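The next block holds one structure in the form of structure tokens; read it before the comments.
The values are calculated or read from the model by the stated rules, or taken from the named source; none is laboratory data. Note that this is a predicted model, so its numbers are computed, not measured. Here the Cβ positions follow ideal geometry from the backbone for every residue, glycine too, while neighbour counts run over all protein chains shown.
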Amino acid sequence: MAKALVVLSGGQDSTTCLYWAINEFGRENVSCISFDYGQRHKIELQAAEKVAEIAAVAHEILPINTFAALGGNALTDDIEVKQDVDQQTQLPNTFVPGRNLIFLTFAAAYAYGRNIEHLITGVAQTDYSGYPDCRENTLSALEQTLRLGMAYNITIHTPLMNLSKADTVELAERLGAMDAMAWTHTCYNGQQPPCGKCSACILRARGFAEARRRDPLIERFQFFEE
Ligand code: ZN
């Protein structure tokens, strides 16, 4: 049976992808990896660990701290997350240049040594952030590069590529991912309960609202408050 590796960030999208992979390849054939890339909020990695535990799949965290040394973005540096985009690049300052390319390249190298031929990533080009390394053309070019560069038949799956946030919520529900969803982390400000004000929190809340579902992450904190 084919084996699959999910790039798990600990967020809503990659968690949905993990359950997609379990449904597609069978739980015993799925494992996941996360990257400690020097992100300011280690809470993401704790979320990934918890999600993998709930999904009962193997999980490994790989260290790659070069992004923090490169600097210049709000996810690794101690600078404020801006709501608006940069005038020149039209991108928000949460964009970490090259991040997805490096993640998937390391994931492919990890997969190579373990006879894993399927990579799953939760990128979506419908995402309002507009990161260019989340687009279909980038991913298919990268897939081809990895196949050529490693002489290995690797396939990159992007089950959320053309889904809206509401579609993703519905998919997660159908796949039984909601228990794990309660432990995911999305907030750019690293807050728990989530700040509700940053662009990531707003996008997530909008998706759940449009899908007419309650976010189990929010419910988890309300439960503790009562
Ligand atoms: Zn937030």
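A few points about this structure:
- Against the test of being within 18 Å of residue 15 (Cβ to Cβ), out of contact with any Pro (no Cβ under 8 Å at 6 or more places or on another chain) and within 15 Å of the ligand (Cβ to nearest atom), the options 184, 126 yield a single qualifying residue, 184.
- Residue-level analysis places residue 168 outside the set of residues that are crowded, with 18+ Cβ neighbours inside 10 Å and within 16 Å of the ligand (Cβ to nearest atom).
- Check on residue 174, more than 16 Å from the ligand (Cβ to nearest atom), among the basic types (Lys, Arg), under 15 Å from residue 15 (Cα atoms) and surrounded by fewer than 16 Cβ atoms within 10 Å (Cβ to Cβ): yes
- Within the range 188-199, the set of residues being within 13 Å of residue 44 (Cα to Cα) and without any contact (Cβ under 8 Å) to a residue 24 or more places away in the chain comprises 191 only.
- Hits in the range 128-167 - residues which are more than 30 Å from residue 215 (Cα to Cα) and under 16 Å from the mean Cα position of the chain (by Cα): none
- None of 205, 200 is within 16 Å of the chain's Cα centre (by Cα), more than 22 Å from residue 21 (Cβ to Cβ), within 16 Å of the ligand (Cβ to nearest atom) and not in a loop (DSSP other than H, G, I, E, B) except 200.
- Selection within the range 9-66 - in contact with a helix residue (DSSP H, G or I) (Cβ under 9 Å, 6 or more places away or on another chain) and in a loop (DSSP other than H, G, I, E, B): 9, 10, 11, 37, 38, 39, 40, 56, 57, 64
- Residue 22 surrounded by fewer than 20 Cβ atoms within 10 Å (Cβ to Cβ), of a type outside the set (D, E, K, R) and over 15 Å from the mean Cα position of the chain (by Cα): no
- Residue check: residue 156 meets all listed conditions (1) modelled with pLDDT under 95; (2) more than 16 Å from the ligand (Cβ to nearest atom); (3) buried (at least 19 other Cβ atoms within 10 Å of the Cβ); (4) not in a loop (DSSP other than H, G, I, E, B) but one, namely (1).
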